[in-house]
Amino acid sequence: METHAHIPYLRELVVFLIAAGVIVPVLHRLRISPVLGYLVIGALIGPFGLGRLAGAWPWLGHVVITDLDGVKALAELGVVFLLFMIGLELSIERLWSMRRLVFGLGSLQILASGLVIGLIAWGFGNTPRASIVLGACLALSSTAIVMQLLIEGRRIGTMVGRSSFSILLMQDLAVVPILFLVGVLGARTGGNVGLDLVLAIGKAVLVILAIYLVGRMVLRPLMRLVAQAHSPEMFMAAILLTVIGTAAITGAAGLSMALGAFLAGLLLAETEFRHEVEIDIAPFKGLMLGLFFMSVGMGIDYRMIAAEPLWIIGSVFGLYLVKSLITAGLCLAFGLPRHTALETGLLLGEGGEFAFVVVGLAMSLGLIGGDVGQFMLIVAGLSMVATPLVARFATRLANAVEKRAAAEAVPATQRQIEGIEGHVVLAGFGRVGRTLGDMLDEQSIPYLAIDGDPGTVHRAREAKKRVFYGDASRVEMLNRVRADTAAAIVVTTDAPDAIERIVHAAHSLFPDVPIYARARDTLQARRLMAAGATLAVPETVEASLQLAGRVLQGFGLPDESVNRLIEQQRRLLEPTNPNHPPGFAVLR
């Protein structure tokens, strides 16, 4: 070992790789969530687990991790890469379409949860300053754990995924004012706090705008230059520079590093390199997140749990109860269905990784006593460890509530569905789905639509449209709209992961029913065709063809010639399904 003594954290790295490469796969085969597996392993090999026995049995020193500072510094990169991957899945347009949930629901969740938790802390004898700090930091949930669980379950595109992500994104944005608030409370200055807070938020907004504007001008040419070198190493270096560099800029400006990585993901999502970046960066994200989850498990001092088991366990339950009730209630107020509100509330009931930063800072400034700080860190850590189990329970409970609601709604909708056949099933009733529905109505072709947005469904029902709330990838929902007797299934939703889930489910259940799907680009269109879609139409291709047609008509070409040219180009650009011969009839 002496020859490698200069490599920092070598032993810790070897222990982690053993856990990631051997132990976690074994737990996964036993149907144990990888997130829970990392948390449990971290608790076992950490300084408060087997690390406590290393003094009595020196050989244990080779298989435990006692230096948490170095591990946590590296583990923070896991959250950075996770937010970067989430940014890649979004776009500025989709993010703007979620503004009501992000800024409305997310802001209210932080304010309401922080106020109630702060009042409870004050009621237990904490000072007003300490109560404000505890309320602010415990109102936030764990972005890393919740988003990883949603990704594992392929539920980012569901209503639960969108509502949870919206709240978590607003929580990341709240990092700046909360850190500023802790600094002001710790400094005990008599200056104009309101003005200072406005200036701090203004600075944060300027930093975000500068990153976005400069990134849009610089990033695409830079990535093209690197890609022309045809060097995988240079391409990977450019990706890592983009992720870590942007995170470092926001970190230096007092913002969350994860927020900077999210901005970098949004910028790259608008380029043609998005899918290649996703593939290249995925292993880094998985390993770093695993290290982060292990570091959370390592940080729990089980001696304190043994000293005050009832108070700590009661506090964990209390934290979940308060936050879950507030979050679920706000979701209901924003029009989300009961089962979605219930699952979202339970999913976000835990404390978050940001609590460790805020409580540590507050302890160093003397705002919170050492005993209280350690107690709350244990509560936050245990709530995060419990999250995978709570999430599993929440999904089952939400499914039961949804089935009950569906059973109650059967008499009201049965007349519209009973005996229907030869109809079209529309999976999604947004802009594209509504347009297609109007065209089907004009031709007197019956259809039944499914949409996951309760507001969209409510407006459509008021307009006497045959639209039902639900997840079109679920067997029960497809059976409910008689997809087995349908003439076609058309997937018009705009969420890429949801599109693929629906196509997979529909083709596996009803292989003889034609499936027509909307795709974001040609790459996704090929994946959908391979999954069983009869036809997948890329948005970018159709938009460019229609635009080209109008331009050619403007030059005076006859309509027949324009239509022939467009159809020829469409046949060249569209992927073909090996299960269907070319030239088959399609719905357009």
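Put simply, the convex hull of the Cα atoms in region 67-402 casts, on average, a shadow of 17.3 nm². Listing 203, 403, 465, 285 from fewest to most neighbouring C-beta atoms within 10 Å gives 403, 203, 465, 285. Here the calculated FRET efficiency for residue 270 and residue 310, from their Cβ-Cβ distance with R0 = 56 Å, stands at 0.60, rounded to the nearest 0.05. The coefficient of translational diffusion for region 207-291, derived via Stokes-Einstein from the alpha carbon Kirkwood radius under 25 °C and 0.890 mPa s, stands at 186 µm²/s.
The lysines within cross-link reach of residue 323, meaning a Cα-to-Cα straight distance under 29 Å and a gap of 8 or more places when in the same chain, are 72, 285, 403. What does a probe at residue 404 reach in region 326-365, counting residues whose amide N is under 11 Å from the point 7 Å along Cα→Cβ? Only 339 fall inside the zone, counting backbone N under 11 Å. Note on residue 60 and residue 303: the model spin-label points, each 7 Å out from Cα along the C-beta direction, lie 1.3 nm apart. One chain, two ends: residue 332 and residue 237. Fully extended at 0.36 nm per residue, the span grows by 29.7 nm beyond their Cα-Cα distance.
For 559, 453, the sequence from fewest to most other C-beta atoms within 10 Å is 559, 453. So the label point goes 7 Å from the Cα of residue 485 along Cα→C-beta, right? Which residues of region 420-439 then have their backbone N under 18 Å from it? Once the point is set 7 Å along Cα→Cβ of residue 485, 420-426 turn out to lie under 18 Å by backbone N, inside region 420-439. The distance between label points at residue 152 and residue 522 comes to 3.8 nm (points 7 Å beyond Cα on the Cα→Cβ vector).
Of the chymotrypsin sites (Phe, Trp or Tyr not before Pro) found in region 269-313, no site is in coil according to DSSP while having at most 14 other Cβ atoms within 10 Å of its Cβ. Modelled label positions at residue 512 and residue 564, each set 7 Å beyond Cα in the direction of Cβ, lie 3.9 nm from each other. R0 = 25 Å: FRET efficiency of residue 107 with residue 321, Cβ-based, nearest 0.05? Here the calculated transfer efficiency is 0.70.
Values quoted throughout were computed directly from the atomic coordinates according to the rules given, and no laboratory measurement underlies them. Keep in mind the model is a prediction, meaning the values are calculated, not measured. Every residue, glycine among them, receives a Cβ derived from its backbone with ideal geometry; neighbour counts consider all protein chains shown.
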